[in-house]
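To keep things clear, I will list the structure first and then write my remarks on it.
The values are calculated or read from the model by the stated rules, or taken from the named source; none is laboratory data. Since this is a predicted model, take the numbers as computed values, not measurements. Cβ placement follows ideal geometry from the backbone for every residue including glycine, while neighbour counts extend to all protein chains displayed.
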C-alpha cells in the first residue's frame, strides 16, 4: 500500500471513530471534566483539531492556519494563538467549549486542508523538514520538532489523534458509568 493511501485511510478511520464517539453528546457532556485537572471531551476535540491545523497547515505548508484564516478564533471568542498545548488546569476549566456542530465544521475545514496537501505531496515531500516549528510558544515542542520531516509529522498526527480519541471514549464511558450523561 502506498504511504499516501495509508495516511488517508488512517485519518478517515479516525475521523469516523471521532464522529461515532461524539454523536449525540450534549453541551454538558462536551464540557464535563472528570476531575479538576482533567480535560473535557470538547476541549480534547478542539485541541486535536488545532494540532492538525498547526501541523499540516502551518508547519508543513507555512500557510496561515484555518483557525486564523477563517476566523474561528473570533467566532468563538478564543485567543488566536492558543492550541491547548501545556494548558494548566485553570485554563482547561475555563475553556468555553463551542457547540459540537461548530467544532465539527472547524474540524472538516482543517481535514480538507490536510487531504488537499496530502494529495499534492510527492514521495520526496515526506522527507522534507520544514524550516519552522509548529509550536514556537513551547520550548519543549521546539526541541521535539527540531529536524522533523513531513513524514514524521504525519506519524505524530496519527498517533496524537488516536491517543486523544481514546481519551474521549474513556471520558464518555465515565459519564455513562457515573450517570452524568
Exercise. Out of the stretch 140-159, which residues are crowded, with 16+ Cβ neighbours inside 10 Å and either touching a strand residue (DSSP E or B) at 6+ places or on another chain (Cβ under 9 Å) or under 19 Å from residue 47 (Cα atoms) (or both)?
Worked result: 141, 145, 153, 154, 156, 157, 158
Exercise. Of everything in the stretch 1-32 that's over 13 Å from residue 172 (Cβ atoms) and outside any helix (DSSP H, G or I), which residue is modelled with the lowest pLDDT?
Worked result: 1
Exercise. Among the residues of the stretch 65-78, is any under 17 Å from the mean Cα position of the chain (by Cα) and in contact (Cβ under 8 Å) with a residue 60 or more places away in the chain?
Worked result: no
For this session: Any chance you could count how many residues in the stretch 97-129 are closer than 22 Å to residue 19 by Cα, touching a helix residue (DSSP H, G or I) at 6+ places or on another chain (Cβ under 8 Å) and surrounded by fewer than 16 Cβ atoms within 10 Å (Cβ to Cβ)?
Result: 3
Problem set entry | Condition met for residue 160 (under 30 Å from residue 29 (Cα atoms) and either within 17 Å of the chain's Cα centre (by Cα) or modelled with pLDDT of 95 or more (or both)) | yes
Problem set entry | the stretch 114-152: number of residues that are touching a residue at least 60 places away in the same chain (Cβ under 8 Å), more than 13 Å from the chain's Cα centre (by Cα) and not in a loop (DSSP other than H, G, I, E, B) | 9
For this session: For the stretch 130-139, indicate whether the set of residues that are out of contact with any strand residue (DSSP E or B) (no Cβ under 9 Å at 6 or more places or on another chain), closer than 20 Å to residue 4 by Cα and surrounded by 15 or more Cβ atoms within 10 Å (Cβ to Cβ) is non-empty.
Result: yes
